[in-house]
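Student: Structure provided below as structure tokens; questions to follow.
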There are 2 protein chains.
Amino acid sequence: MNTEMLLKLLQEKNYPRFKEELLKKQNVDIAEFIDTLDAKATLLVFRLLPKEIAADVFSYLSPESQSQLSVAVNEEELQEILNELFFDDKIDFLEEMPANVVKRILRNSPETERNLINQFLKYPDDSAGSIMTIEFVDFKKELLVRQALERIREYAPVKETVYTCYVTDSSRHLEGIVSLRDLVIASPEKKLAEIMNTKIISVKTTDDKEYVADLMKKYDLLAIPVTDNENRLVGIITVDDIVDVIEEENTEDFHKMATVGKIDINLLDAGPFFLLRKRLPWLLVLIFMNIFSGAGIAYFENTIQTVIGLVFFLPLLINSAGNAGSQAAALMIRALALGDVKTGDWFRLLQKEIIVSVLLGIAMAAAVSLIGFVQGGLNVAVIVALAMAAVVLVGSTIGMSLPFLLDKLKLDPATASGPLVTSIADIAGIIIYFSIATWYLGL
Amino acid sequence: MNTEMLLKLLQEKNYPRFKEELLKKQNVDIAEFIDTLDAKATLLVFRLLPKEIAADVFSYLSPESQSQLSVAVNEEELQEILNELFFDDKIDFLEEMPANVVKRILRNSPETERNLINQFLKYPDDSAGSIMTIEFVDFKKELLVRQALERIREYAPVKETVYTCYVTDSSRHLEGIVSLRDLVIASPEKKLAEIMNTKIISVKTTDDKEYVADLMKKYDLLAIPVTDNENRLVGIITVDDIVDVIEEENTEDFHKMATVGKIDINLLDAGPFFLLRKRLPWLLVLIFMNIFSGAGIAYFENTIQTVIGLVFFLPLLINSAGNAGSQAAALMIRALALGDVKTGDWFRLLQKEIIVSVLLGIAMAAAVSLIGFVQGGLNVAVIVALAMAAVVLVGSTIGMSLPFLLDKLKLDPATASGPLVTSIADIAGIIIYFSIATWYLGL
């Protein structure tokens, strides 16, 4: 049943039918539906949900709906929802709430939980700690497979995952990993110590979440254990949360490639001044860089005045240099981000880039010389063809090398944005073009 | 132990020690190590691997190493590896192999498998069918939980995942889904029909794999069932393969943003002519577009000749228009790709873009008027400030709207690349700048 029909049932106050149809949907879709409602209807619909799915639906709601609801429901209802939430979802929720809501919730939490929440809220935004959850299954290695399976039966409803279980010693140091698959296959009377995998891949709470994503991608993990500085197991991160990290990371690189700062909210919710702050800084930096292009032009004023027709080809030539450079930069940034290419591969890739850009330059010079001939005769054709081949080579080499240089300087290669490469290529392009013209025309 | 020490042990022919150290590594890392070896050493090391991990390591090898090995090993060894591979890994492998290797393998496969392989090799590159696997667990709904668990115990070693099981009727139509977690919690004497989830999310073999990725992200799935045109269950796709699809998709958009065609191989392995083919087409299109910029300049030759100093500001102004436009385009492309924004949101976002770009324009006009004043006096300062505010507004509006236009035309919004937006903004920028100058100077 589609949204319009659900809304109609709601307006008709046909609640039994509405509820029946609503519950045929996935929890994610129920949350999406509730997100479109006003405050009053949100509360009404939420109260219609059966207890066993209410918390799950709540965890998928937008921060706005969550905030609305947490103010609208009574104390008891709010505690009920919060108790049912997985710890990572609870932290996500608290991070988005205004201070007064957080205070109210913390006041009503038992002290141990309050301390834990406070500790989690303190993990830096980009750290593994900030996205981990504490609902993991841990066992001692003396336990028998049979006993472990029994415990999983008890734990399953309240743990985020039961598919990967962790074996710890008495001080909670991680000793091994047992998947539910291993447990199901193993003979029931074996000890966990005999079947656990001791080749452990784990991360620290302070590790960058991008690093966590890289490990989970590489080793195809469903969950990864997180340890504190004393190597004690404190949480796990599951693959569904890592998929979100991967998308965030890609968004950041994508925006950076176009000189936009980090935006981690929906574009529809972003205010104009917020967007201004994310966009203006680089635009101003680039203006500053473009002054050099202007200075280049001023330097060749004499040449330009003599053959004013040369200006006709200026956008074409400097853009070509910038475009070829942007292509090369984008290829390198992405390959570095994926780990396909390492800093040490620069020289090998440079050699290839030179071959490619010479070929590109020849093809583009041929195209542009034709236009040059039609527009300004043989001299202009020769000048623009030579200039095109040269600027494409130089632009590509700059664009290709800049991400490696940034990487070497421990900066983000994605800072080598298209506009930055274009600006640098412009300066080089202007100097090359007018130098060739000045020399060829004997000015 | 690091790679250098492993290589040393190998050179010293200290095989027992070498093997011991090698096997402490994860299978992925063993494959990575083998990938660095020459053909002879590859075969040697591969033969040292215990049978139970050989196939898994093989599935992680680069296509080059896989190819080398499949030629070097004898018939029997090859069959052994292939029998142990999951079906999706086998297909991936066969897709990369030269025709003669594929033929040899098919010749030695039983007929049913040969038919299945041929069918899989025919699925289009971007389809769900091309990445699914056939090693899923399916049950009939009359089965008891206890019986299902017993079967899982048997199946687990040969199935890609046992965490999501599928309930089908006698003609293999999908009726429900049961997770291993549900099975473990449920009372052993219940029928699957009583505990299965009938709110099924599934895809067709012909669905685009990006669509599959979107569903798995949205619903946090570990696996998704794939059905054929008659709605029969034919395969599943697991989350680890979807993570790869997400990254591929991001790479494609990232490259497209810089006018580079689809590159699905490691950059280090890409030949110069392959790269040329991926880069040249758009560069030539952009040259063609830049002719219009040149024509704009030619049209205003008179104005330029009168105040040649105006050319000084040309790169600065047109680049600013292009940069602001690229920012706006990148924001929209990414938001559309993530589904944060829909085609229908265009007008709402346009209004916001106008506010943001007016603010950007004012700030940038202020910066550039200062340079204008120093460089060319009050007149130039006024002209470049006015022009800057105007070109940033126009560039941003174009950059912001183009992805929506492409989306509306059922084209990929990511085609609104930085260079394309820059080229369009250039033309607009040149006309605006010199029109303002001509008007202001009364030429």
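The values are calculated or read from the model by the stated rules, or taken from the named source; none is laboratory data. Please read these numbers as outputs of a predicted model, since none were measured by experiment. Because the Cβ atoms are built from the backbone with ideal geometry, glycine has one as well, and the counts that use them run over all protein chains shown. Accessible surface is based on the protein model in full, side chains and every heavy atom, while ligands, DNA and RNA are left aside. Shrake-Rupley method; radii C 1.70, N 1.55, O 1.52, S 1.80 Å.
Student: Answer yes or no: is there a residue in the stretch B:424-435 that is free of Cβ contacts under 8 Å to residues at least 40 places away in the same chain and within 11 Å of another protein chain (Cβ to nearest Cβ).
Tutor: So far as the stretch B:424-435 goes, no, none of its residues is free of Cβ contacts under 8 Å to residues at least 40 places away in the same chain and within 11 Å of another protein chain (Cβ to nearest Cβ).
Student: Something else now. Report whether or not A:Ile105 is open to solvent by less than 10 Å² (accessible area, probe 1.4 Å) and modelled with pLDDT under 85.
Tutor: Considered against the rule, which asks whether it is open to solvent by less than 10 Å² (accessible area, probe 1.4 Å) and modelled with pLDDT under 85, A:Ile105 comes out as yes.
Student: For the stretch A:136-150, which residues satisfy the criterion of being among the acidic types (Asp, Glu) and either crowded, with 21+ Cβ neighbours inside 10 Å or in a strand (DSSP E or B) (or both)?
Tutor: Result: A:Asp138, single match.
Student: Applying the selection to the stretch A:333-348, what residues are under 21 Å from A:Ile424 (Cα atoms) and at the interface with another protein chain (Cβ under 7 Å from one of its Cβ atoms)?
Tutor: A:Arg334
Student: For residues that are acidic (Asp, Glu) and either in a helix (DSSP H, G or I) or free of Cβ contacts under 8 Å to residues at least 60 places away in the same chain (or both), tally how many sit in the stretch A:389-423.
Tutor: Residues flagged as acidic (Asp, Glu) and either in a helix (DSSP H, G or I) or free of Cβ contacts under 8 Å to residues at least 60 places away in the same chain (or both) within the stretch A:389-423 amount to 1.
Student: Quick check, is A:Arg277 under 30 Å from B:Ser357 (Cβ atoms) and more than 9 Å from chain B (Cβ to nearest Cβ)?
Tutor: yes
Student: Looking only at the stretch A:367-387, count every residue that is surrounded by fewer than 19 Cβ atoms within 10 Å (Cβ to Cβ) and either away from chain B (no Cβ under 12 Å) or at pLDDT 95 or above (or both) and tell me the total.
Tutor: 5
Student: Within the stretch B:151-163, track down each residue that is open to solvent by 20 Å² or more (accessible area, probe 1.4 Å), under 14 Å from B:Phe139 (Cβ atoms) and not in a loop (DSSP other than H, G, I, E, B).
Tutor: Those that are open to solvent by 20 Å² or more (accessible area, probe 1.4 Å), under 14 Å from B:Phe139 (Cβ atoms) and not in a loop (DSSP other than H, G, I, E, B): B:Arg151, B:Arg153, B:Glu154, B:Tyr155.
Student: Of all residues in the stretch B:307-332 being more than 8 Å from chain A (Cβ to nearest Cβ) and either open to solvent by less than 10 Å² (accessible area, probe 1.4 Å) or not hydrophobic (A, V, I, L, M, F, W, C) (or both), which is nearest to B:Val212 (Cα to Cα)?
Tutor: Checked the stretch B:307-332; the qualifying residue nearest to B:Val212 (Cα to Cα) is B:Ala328.
Student: Anything in the stretch B:405-435 that is more than 32 Å from the chain's Cα centre (by Cα) and surrounded by fewer than 21 Cβ atoms within 10 Å (Cβ to Cβ)? List them, or say none.
Tutor: Across the stretch B:405-435, the qualifying residues are B:Ile431, B:Ser435.
Student: Criterion first (part of a helix (DSSP H, G or I), touching a residue at least 60 places away in the same chain (Cβ under 8 Å), within 9 Å of chain B (Cβ to nearest Cβ) and within 16 Å of the chain's Cα centre (by Cα)) does A:Asp240 satisfy it?
Tutor: no
Student: If you scan the stretch B:208-229, which residues turn out to be more than 21 Å from A:Ile246 (Cβ to Cβ) and either open to solvent by 20 Å² or more (accessible area, probe 1.4 Å) or within 14 Å of chain A (Cβ to nearest Cβ) (or both)?
Tutor: Matches in the stretch B:208-229: B:Asp228, B:Asn229.
Student: Out of the residues in the stretch A:180-207 that are facing chain B (nearest Cβ under 9 Å) and within 30 Å of the chain's Cα centre (by Cα), state the one that is least open to solvent (accessible area, probe 1.4 Å).
Tutor: A:Ile201
Student: Keeping to the stretch B:269-306, report how many residues are outside any helix (DSSP H, G or I) and surrounded by fewer than 17 Cβ atoms within 10 Å (Cβ to Cβ).
Tutor: Summing the residues that are outside any helix (DSSP H, G or I) and surrounded by fewer than 17 Cβ atoms within 10 Å (Cβ to Cβ) in the stretch B:269-306 gives 1.
Student: Still on this model: Residues of the stretch B:253-269 being facing another protein chain (nearest Cβ under 8 Å) and either closer than 22 Å to A:Arg348 by Cα or in contact (Cβ under 8 Å) with a residue 60 or more places away in the chain (or both), which ones?
Tutor: B:Asp253, B:His255, B:Met257, B:Ala258, B:Thr259, B:Val260, B:Ile263, B:Asn266, B:Leu267, B:Leu268
Student: Give A:Lys190, A:Lys204, A:Lys262 a once-over and let me know the one that is over 21 Å from A:Asp125 (Cβ atoms) and among the charged types (D, E, K, R).
Tutor: Within the list A:Lys190, A:Lys204, A:Lys262, the selection yields A:Lys190.
Student: Another one. List pairs: first residue in the stretch B:140-154 and over 16 Å from A:Arg153 (Cβ atoms), second residue open to solvent by 90 Å² or more (accessible area, probe 1.4 Å) and among the hydroxyl-bearing types (Ser, Thr, Tyr) anywhere in the structure, Cβ distance under 8 angstrom, at least six positions apart or on different chains.
Tutor: Taking only residues 6 or more apart or on different chains, the pairs are B:Lys140/B:Ser170.
Student: Taking B:Glu175, is it surrounded by fewer than 16 Cβ atoms within 10 Å (Cβ to Cβ) and not assigned by TED's automatic domain parsing to the domain that holds B:Glu77?
Tutor: no
Student: Quick one: is A:Lys159 among the charged types (D, E, K, R) and modelled with pLDDT of 85 or more?
Tutor: Taking the combined requirement at face value, the residue does not satisfy it.
Student: Among the residues of the stretch B:94-138, count how many are under 24 Å from B:Leu174 (Cβ atoms) and within 28 Å of the chain's Cα centre (by Cα).
Tutor: Adding up the residues that qualify gives 18.
Student: Next up: Applying the selection to the stretch A:230-245, what residues are open to solvent by less than 40 Å² (accessible area, probe 1.4 Å) and within 25 Å of A:Ser171 (Cα to Cα)?
Tutor: A:Leu233, A:Val234, A:Gly235, A:Ile236, A:Ile237, A:Thr238
Student: Let me ask something else about it. Pull up the stretch A:178-206, narrow it to residues that are acidic (Asp, Glu) and part of a helix (DSSP H, G or I), then point me to the one that is nearest to B:Ile53 (Cα to Cα).
Tutor: Per the criteria, the residue is A:Asp182.
Student: Now for a different question. Answer with yes or no whether B:Val234 is part of a helix (DSSP H, G or I), more than 9 Å from chain A (Cβ to nearest Cβ) and out of contact with any Leu (no Cβ under 7 Å at 6 or more places or on another chain).
Tutor: no
Student: Quickly run through the stretch A:337-366 and pick out the residues that are assigned to a helix (DSSP H, G or I) and open to solvent by 50 Å² or more (accessible area, probe 1.4 Å).
Tutor: A:Leu338, A:Thr343, A:Gly344, A:Trp346, A:Phe347, A:Arg348, A:Gln351, A:Ile354, A:Ile355, A:Val358, A:Ile362, A:Ala366
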